[in-house]
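S.K.: To start, I am sharing the structure in question, which I have written as structure tokens.
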Amino acid sequence: MNFTHLREKNKMNTETLKDYILEIADNSLILGQRFGELCGHGPSLETDIALTNMSLDLFGQVRSYYQYIAQLSEEEKTEDDIAFLRLERDYKNVLLVEQPNTDFGYVITRQYFFDVFHLMLMQQLQYSKDETLSAIAKKGIKEVSYHKRFSGDWLKRLGDGTKESHERVQKAVNDLWPYTNELFEMTEAATAATEAGVGVDAGQLKEPYYKEVSELLKEATLEVPESKYFHKGGKQGVHTEHMGYILSDMQFMQRTYPGMKW
Amino acid sequence: MTETQTHINPKLLDILKSVPDPEIPVLTIVDLGVVREAAILEDGTVEVKITPTYSGCPAMDVIGDDIVTAFAKAGMKAKVKLVLSPAWSTDMISEEGRAALEKYGIAAPLDATADKEVLLGNKKLVKCPQCCSKNTELVSQFGSTACKAQFKCNDCLEPFDYFKCLT
Ligand SMILES: [Zn+2]
């Protein structure tokens, strides 16, 4: 199946556009993979189903992005090549989404920190001059709204829950907070995409993001961390030690049986 | 309101209506609203454009194959294209489709405002497909497939699926 919408003729260099799409898409791929790891291991049946449902939404979005990149590529490429056959340094996801499923508190906090950003990004990306990106975003908004409702509700429940759930989720908030700032970092590709009217100026999302997240944390009776030190590097392909393990899990089948299909 | 107009060549409608949704077999893909266009091209090939309910809906590949098979049985060659725009919404489900869902035991989607109220647990508006009581409550926002939420009826105590509103 092919998309009928081909790239609108814009002034952007194709390689730069591909880099920009990867920056967005790889976040969904890696977070989707982290959720997928929880299939059959969720704390309850309902949460297990919810996490895998969200994984599926994210993979669906990833497929649309990667199929678009494949169309833009001159060499014979498929969505699977892009998902499974790149080296660690070629993945452009932020460090936040590759952080491990330490416990349910971490899973929810990591997701909420990403969902708030993801929804804001999609809400802007729907106005992209690139028709395909705009269509993917419009579709994604609906799904990501559900994701944010889920993670936000759980964060409140855990924060305002028992003494143990409060302590554990506060630890997750403190540990993951330093990974949030990277979401707003503008790469060369993102800057070029924004100038061409194709991309989103993530820097502008920073203030509303921290406002929204802080309000929810307070509502959840959690403390808003004051850390001024933030990690970054993911968008340049410099990942944390967790990334290699994710990729070896994810790429094993395609590398062992090249070209295999379900 | 979403643009819900479809362009289906009437000659192709019966064949398309013979294709059920793989996950909710009481619903045809036409009633589900995923078929956006169907036309006979100059060379005689049938071209069908479908739109996914959810981005990751695994049924889309199956639906694509089922459409090709249905036309092949009628001696026609068909190709299927996936379109993302306009994005699918639950408003695209036909009246027949909504009735089929209810009969099958899945509560049909409410309008967007009411949907938000029930998913936030503020109001009881979803009707139990077994006993018609509205004394129902949300169990989980995510159900057996991406498009459904889990509910239970407080009167007849049966659990059931609710088709989430997507507009
Ligand atoms: Zn009932």
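The values are calculated or read from the model by the stated rules, or taken from the named source; none is laboratory data. Just so you know, these numbers come straight off a predicted model, no measurement behind them. We place every Cβ from the backbone using ideal geometry, glycine too, and count neighbours over all the protein chains shown. Keep in mind that these areas ignore ligands, DNA and RNA; they rest on the heavy atoms of the full protein, side chains included. Shrake-Rupley method; radii C 1.70, N 1.55, O 1.52, S 1.80 Å.
S.K.: Just going by the charge dipole of the protein assembly as shown, with Lys and Arg at +1 and Asp and Glu at -1 on Cβ, which of A:Leu119, A:Thr191, B:Ile8 is farthest out on the positive end?
M.R.: B:Ile8
S.K.: If you take every residue apart from A:Gly233 with its C-beta less than 10 Å away from the C-beta of A:Gly233, what net charge results, scoring Lys and Arg +1 and Asp and Glu -1?
M.R.: 0
S.K.: Add +1 for every Lys or Arg and -1 for every Asp or Glu among the other residues with Cβ under 12 Å from the Cβ of A:Val224, and state the total.
M.R.: Details: positive: A:Lys211, A:Lys218; negative: A:Glu212, A:Glu215, A:Glu219, A:Glu223, A:Glu226.
Taking every other residue near A:Val224 into account, the sum is -3.
S.K.: Can you give the accessible area of A:Val97, probe radius 1.4 Å, in Å² rounded to 10?
M.R.: 0 Å²
S.K.: Still on this structure: Can you work out the accessible area per residue across the stretch A:130-227, with the rest of the protein chains kept in place, probe 1.4 Å, in square angstrom?
M.R.: Working: 4290 Å² over 98 residues.
Accessible area per residue, the stretch A:130-227: 44 Å².
S.K.: OK, next. For A:His166, A:His41, A:His239, give me the order by solvent-accessible area with a 1.4 Å probe, most accessible first, ignoring ligands, DNA and RNA. Before the final figure, lay out each step's value.
M.R.: Details: A:His166 55, A:His41 135, A:His239 30 Å².
The ordering from most to least exposed comes out as A:His41, A:His166, A:His239.
S.K.: Give me the dipole magnitude in Debye, nearest 20, for the stretch B:32-167 about the Cα centre, with unit charges on the beta carbon: positive for Lys and Arg, negative for Asp and Glu. Could you put the intermediate results ahead of the total?
M.R.: Details: 16 positive and 18 negative charges, 47 e Å.
Result for the stretch B:32-167 is approximately 220 debye, rounded to the nearest 20.
S.K.: Can you sort A:Glu131, A:Glu76 by solvent-accessible area, 1.4 Å probe, largest first?
M.R.: Working: A:Glu131 85, A:Glu76 180 Å².
Order by accessible area, largest first: A:Glu76, A:Glu131.
S.K.: Right, next: Hey, which of these cross-link pairs are over 27 Å Cα-Cα: A:Lys138/B:Lys148; A:Lys18/A:Lys206; A:Lys129/B:Lys164; B:Lys77/B:Lys164; A:Lys139/B:Lys116; A:Lys139/B:Lys79?
M.R.: Details: A:Lys138/B:Lys148 20 Å; A:Lys18/A:Lys206 24 Å; A:Lys129/B:Lys164 30 Å; B:Lys77/B:Lys164 35 Å; A:Lys139/B:Lys116 18 Å; A:Lys139/B:Lys79 23 Å.
Checking Cα-Cα distances, A:Lys129/B:Lys164; B:Lys77/B:Lys164 exceed 27 Å.
S.K.: For chain B, what does the relative contact order come out to in percent, with C-alpha contacts under 8 Å and a separation of six or more?
M.R.: Details: 314 pairs, mean separation 30.8, N = 167.
For chain B, the relative contact order is 18 percent.
S.K.: A follow-up question, please. Using only protein heavy atoms and a 1.4 angstrom probe, determine the accessible area buried between A and B, summed over both sides, in Å² to the nearest 100. Provide the component values of the computation, followed by the final result.
M.R.: On the way: alone 13330 and 8990 Å², together 19680 Å².
Using a 1.4 Å probe on protein heavy atoms, the buried area is about 2600 Å².
S.K.: Under the 0.36 nm per residue contour assumption, what length would be gained going from the current alpha-carbon distance of B:Lys81 and B:Ala114 to full extension?
M.R.: Numbers: separation 33, 0.36 × 33 = 11.88 nm, distance 3.36 nm.
Length difference between fully extended and current span is 8.5 nm.
S.K.: A further question on this structure: Do any residues of the stretch A:58-101 lose at least 20 Å² of accessible area when the full set of protein chains is present rather than just their chain alone, and if so which, with a 1.4 Å probe?
M.R.: Output list: A:Gly60, A:Arg63.
S.K.: Could you size up the charge dipole of the stretch B:14-58 around its Cα centre, putting +1 on the beta carbon of Lys and Arg and -1 on that of Asp and Glu, and report it in debye to the nearest 20? Write out the running numbers ahead of the final one.
M.R.: Values: 3 positive and 8 negative charges, 32 e Å.
Value, rounded to 20: 160 debye.
S.K.: Rolling a 1.4 angstrom probe over the protein heavy atoms, how many square angstrom per residue are accessible across the stretch B:2-92?
M.R.: Numbers: 3990 Å² over 91 residues.
Ligands and nucleic acids excluded, the result is 44 Å² per residue.
S.K.: Which longest uninterrupted range of chain A lacks any trypsin sites (Lys or Arg not before Pro) assigned by DSSP to a loop state (not H, G, I, E or B) and surrounded by at most 10 other Cβ atoms within 10 Å? Spell out each step's value before the answer.
M.R.: Working: sites that count: A:Lys9, A:Lys11, A:Lys228, A:Lys261.
Answer from the scan: A:12-227.
S.K.: Find the centroid of the Cα atoms in the stretch B:79-127 and in the stretch A:114-166, then give the distance between the two in whole Å.
M.R.: Centre-to-centre (Cα) distance: 21 Å.
S.K.: Within the set of other residues whose C-beta is less than 14 Å from the C-beta of B:Ile24, count the net charge using Lys and Arg as +1 and Asp and Glu as -1. Display every interim value, and only then the final one.
M.R.: Details: positive: B:Arg98, B:Lys103, B:Lys148, B:Lys164; negative: B:Asp21, B:Glu23, B:Asp31, B:Asp66, B:Glu96, B:Glu102, B:Asp161.
Taking every Cβ under 14 Å from that of B:Ile24, the sum is -3.
S.K.: How high is the relative contact order of chain A, in percent, counting Cα pairs under 8 Å that sit 6 or more residues apart?
M.R.: Numbers: 341 pairs, mean separation 65.3, N = 262.
The value is 25 percent.
S.K.: Roughly how big is the stretch B:82-146's charge dipole about its Cα centre, with Cβ charges of +1 (Lys, Arg) and -1 (Asp, Glu), in debye to the nearest 20?
M.R.: On the way: 7 positive and 8 negative charges, 47 e Å.
Once rounded to the nearest 20, the dipole reads 220 debye.
S.K.: Nearest 500 deg cm²/dmol is fine: what mean residue ellipticity at 222 nm does the protein assembly as shown get from its DSSP H runs of n ≥ 4 alone, each adding -39,500 (n - 2.57), divided by its residue count? Let's see the in-between values first.
M.R.: On the way: 15 runs with 209 residues, N = 429.
The helix contribution divided over the protein assembly as shown gives -15500 deg cm²/dmol.
S.K.: Taking a Cβ-Cβ separation under 4.7 Å as the criterion for a possible partner, which cysteines of chain B have none?
M.R.: B:Cys57, B:Cys132, B:Cys147, B:Cys165 - these cysteines have no disulfide-compatible partner (Cβ-Cβ under 4.7 Å) in chain B.
S.K.: Ok, one more. Which residues of the stretch A:121-163 end up with at least 50 Å² less accessible area in the presence of all protein chains than when their chain stands alone, using a 1.4 Å probe?
M.R.: Residues meeting the cut-off: A:Lys139, A:Lys142, A:Tyr146, A:Arg149.
S.K.: While we're on this one: Report the one residue of B:Ala72, A:Gln170, B:Cys156 whose Cα lies farthest in the direction of the positive end of the charge dipole of the protein assembly as shown (charges on C-beta: Lys and Arg +1, Asp and Glu -1; origin at the Cα centre).
M.R.: The one lying farthest along the dipole's positive direction is B:Cys156.
S.K.: Pop out the carbon and sulfur fraction of the accessible area of the protein assembly as shown as a percent, whole number, probe 1.4 Å. Each step should come with its number before you reach the end.
M.R.: Working: 10020 of 19680 Å².
Here it works out to 51 percent.
S.K.: Right, here's the next one. Only protein chains counted, 1.4 angstrom probe. Which residues of the stretch B:75-103 are at least 20 Å² less accessible in the assembly than when their chain is isolated?
M.R.: B:Val80, B:Lys81, B:Leu82, B:Val83, B:Leu84, B:Ser85, B:Ala87
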